[in-house]
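J.: My questions will all concern the structure given below.
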Amino acid sequence: MCLINFHFQEHPVYPLIVAANRDEFYDRPTKPAHFWEDEPNILAGRDLEQMGTWLGITKDGRFAALTNYRNPEHMKAGSISRGEIVKQYLSGNATPEEYIQRLQRNRDKYTGFNLIAGNKDKLLHYNNVYDDITEVGPGTHGLSNDTLNTPWPKVGKGKTALQEYVDSHETMQPDALFSIISDAERAPKEQLPDTGVGMEMEKRLSPLFIQLPDYGTRSSSVLLIDHSNNVTFIERSFQEGQPTGERRFDFQIGQS
């Protein structure tokens, strides 16, 4: 997962609104969003190489999402798969604080990552490179491959578009949220961060929706939770920028 835009605790109908893109190599095997056979409480897509996930929610309302921290200096061979981080939170019963404190004690076992974990009432953010644990405040937030609300062009563009939409609409239309994160325009060179991959690659990775020859946005997800605990989760899948399917799930937290 390389971009998570979300609005938290300030909308009159939805305490949590998420619009997120997962970027990955096209040849990495992946199963679209589903309730897992071995963990039927979990609704998420699944990486079939390491069997973890990047974003998911449970029937009892636990939510987590992860992005990688982009810097070649923080790539470590033999690290535990970061997809395990979201999977273990969703499958467990630890509070977000307990879980992240456990992660913090083992942070050097993972390549750099950001984690958002909690539920519709409380979210925590943790970055294992900066070693920061932060309670997420109300408002619109963006997370890409540095840390929460770093002012990268894609983060700023996504936050602004999401803020404007939620401020002007009482009912969230998934198509409008998907439209925000489908923006494939590259950022101007002068606005790009320097994450150690070279300016040409920075530019190619700068859109909200990425399309490269062998790597790009593989799925887009919209998650809505309202004050009555109704959940809508929609995932759209892509290959080389072309849509390959959509899956929608509607349920109420706490109901089987």
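Here, each number is a calculation from the coordinates, and none is a lab measurement. Keep in mind it's a predicted model, so treat the numbers as computed, not measured. Every residue, glycine as well, gets a Cβ built from its backbone with ideal geometry; the counts of neighbours run over all protein chains shown.
J.: By per-residue mean of other Cβ atoms within 10 Å, what is the highest-first order of 192-198, 4-10?
T.: Per-residue Cβ counts within 10 Å, averaged per peptide and sorted highest first, yield 4-10, 192-198.
J.: Of Lys87/Lys189; Lys120/Lys157; Lys122/Lys154; Lys87/Lys120; Lys87/Lys109, which pairs sit farther than 27 Å apart, going by alpha carbon to alpha carbon?
T.: Lys87/Lys189
J.: In the range 1-150, what is the volume of the convex hull around the alpha carbon atoms, normalised per residue and reported in Å³?
T.: 111
J.: Counting residues in the range 206-256 as N, plug N into 2.2 N^0.38 Å and put the Cα Rg over that result.
T.: Normalised Cα radius of gyration, the range 206-256: 1.47.
J.: Now a separate question. With runs of 4+ DSSP H residues as the only contributors, calculate the mean residue ellipticity of the chain at 222 nm using -39,500 (n - 2.57) per run, divided by the residue total and rounded to the nearest 500.
T.: -5500 deg cm²/dmol
J.: Report the per residue volume, in Å³, of the convex hull enclosing the C-alpha atoms of the range 142-198.
T.: In the range 142-198, the Cα hull volume divided by residue count equals 94 Å³.
J.: Which ordering of His11, His141, His34 is given by a fewest-first count of other beta-carbon atoms within 10 Å?
T.: Exposure proxy ranking, most exposed first: His34, His11, His141.
J.: What number in nm² do you get for the range 1-51 if you take the convex hull of its Cα atoms and divide its surface by four?
T.: Taking a quarter of the hull surface, the average projection is 4.7 nm².
J.: Once the mean 1/r over all distinct Cα pairs of the range 3-252 is inverted, what Kirkwood radius in angstroms do you read off?
T.: Mean inverse Cα-Cα distance, inverted, gives 18.1 Å.
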